Amino acid sequence: SEFSRLEIDRYVVQRQAPAGVSVVLTSREDPLFGPVVSFGVAGMAHDVLEDRGYRVPPFTDADADELVRAPRASEVLLRSPGIEPLDLAALHDLVVRVGRLADELPEVAQLRLRPVVVSPRGAVVLGARLHVARPLVRTDLPARRLLG
């Protein structure tokens, strides 16, 4: 019947995210520093203790690794008892991509990826919020490009 078809159209079925560690990755356009990317392990460490790392793009793979290791709670990413090692390469790739987006698109005033689940088989973004605004004038762009 038509009614049952309408009911079915309201549902979205998708693959379940794998078990892993939830993290938060954000970028924000700062008036002084330009784009700033932050990273933290989701939960009390991030929300209450404000245990986060911050870096200014552009990023190399080494910069992404330093950002991921910066919060004290990142130990759960490096040593997760009872599960196989997490795919940190996939997380580093996501960090580099967010840094590139923040660096190249100043109209992205804020980006928040929460949660990102890092598992042994990759990193999956489960939630994203984006705020677009008129870009700030960046005066440091040539100097930051030389560093990258």
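The values are calculated or read from the model by the stated rules, or taken from the named source; none is laboratory data. What you see is a predicted model; the values in this text were computed from it and never measured. Virtual Cβ from ideal backbone geometry, glycine too; neighbours counted across all protein chains shown. Just the protein is used for accessible areas: all its heavy atoms, side chains included, with ligands, DNA and RNA removed. Shrake-Rupley method; radii C 1.70, N 1.55, O 1.52, S 1.80 Å.
Figures for the structure shown
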| quantity | calculated |
| --- | --- |
| Region 65-98: number of residues that are at pLDDT 95 or above, surrounded by 19 or more Cβ atoms within 10 Å (Cβ to Cβ) and closer than 17 Å to Val124 by Cα | 7 |
| Count - residues of region 9-42 that are over 24 Å from Ala133 (Cβ atoms) and in contact with a Ser or Thr (Cβ under 7 Å, 6 or more places away or on another chain) | 6 |
| Residue under evaluation Arg79, criteria (1) closer than 18 Å to Val37 by Cα; (2) more than 11 Å from the chain's Cα centre (by Cα), criterion not met | (1) |
| Top-ranked residue of region 99-113 - restricted to ones that are charged (D, E, K, R) and touching a residue at least 60 places away in the same chain (Cβ under 8 Å), ranked as most open to solvent (accessible area, probe 1.4 Å) | Arg112 |
| Region 116-137 residues that are in contact (Cβ under 8 Å) with a residue 12 or more places away in the chain and under 22 Å from Ala89 (Cβ atoms), paired with ones that are open to solvent by less than 60 Å² (accessible area, probe 1.4 Å) and of a type in the set (D, E, K, R) (beta carbon under 8 Å, 6 or more apart) | Val118/Asp87; Ser119/Asp87; Pro120/Asp87; Arg121/Asp87; Gly122/Asp87; Ala123/Asp87 |
